[in-house]
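K.L.:
Handing you this structure, nothing more for now.
The values are calculated or read from the model by the stated rules, or taken from the named source; none is laboratory data. Quantities reported herein were computed from a predicted structural model and do not represent experimental measurements. When we count neighbours, we look across all protein chains shown, and the Cβ atoms used for this are built from the backbone with ideal geometry, even at glycine.
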Amino acid sequence: MASALSEVEEFRSAQDLHDMLKHRGDSVGLTTVYRTLQSLADAGEVDVLRNAEGEAVYRRCATEQHHHHLVCRSCGKAVEVEGAAVEEWAATVAAQHGFVEVAHTVEIFGTCGDCCAEGPARA
């Protein structure tokens, strides 16, 4: 599983990763793929987000630090970004409402430069 995740830069579904493994000749069940991905997510080794259809998609973390993502709606390309303004805003809003030990995720979806360059059919 780790090698399949290291081969792709974009977020992929469990089914996509399962298909990759099958095409490489690995004999692994889809349930095992889901369990492994959940374990990797719990360990902080993969990022998980929901795509526009609500499906969970996965990507190996490039950093162990807290981060956010820019994700291309067309090709799935993802870029890890820091968000100091988001961090400050989240802490301020939480404090204003008496919340402590808060966590958050921010995913920004758009169209990457490569897809824009390919024209409206791709973007």
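K.L.:
Looking at 43, 103, which is the one that is modelled with pLDDT of 85 or more and under 21 Å from residue 5 (Cα atoms)?
P.N.:
So the residue among 43, 103 that is modelled with pLDDT of 85 or more and under 21 Å from residue 5 (Cα atoms) is 43.
K.L.:
Give the residue that is farthest from residue 108 (Cα to Cα), with candidates limited to residues of segment 46-59 that are exposed (fewer than 15 other Cβ atoms within 10 Å of the Cβ) and in contact (Cβ under 8 Å) with a residue 24 or more places away in the chain.
P.N.:
55
K.L.:
If we keep just the residues of segment 60-83 that are at pLDDT 85 or above and hydrophobic (A, V, I, L, M, F, W, C), which is surrounded by the fewest Cβ atoms within 10 Å (Cβ to Cβ)?
P.N.:
Selected residue: 81.
K.L.:
Continuing with this model, one more query. Scan segment 108-123 and report the pairs whose first residue is more than 16 Å from residue 81 (Cα to Cα) and whose second residue is polar (S, T, N, Q) and at pLDDT 90 or above, with Cβ atoms within less than 8 Å and a gap of 6+ or a chain change.
P.N.:
123/111
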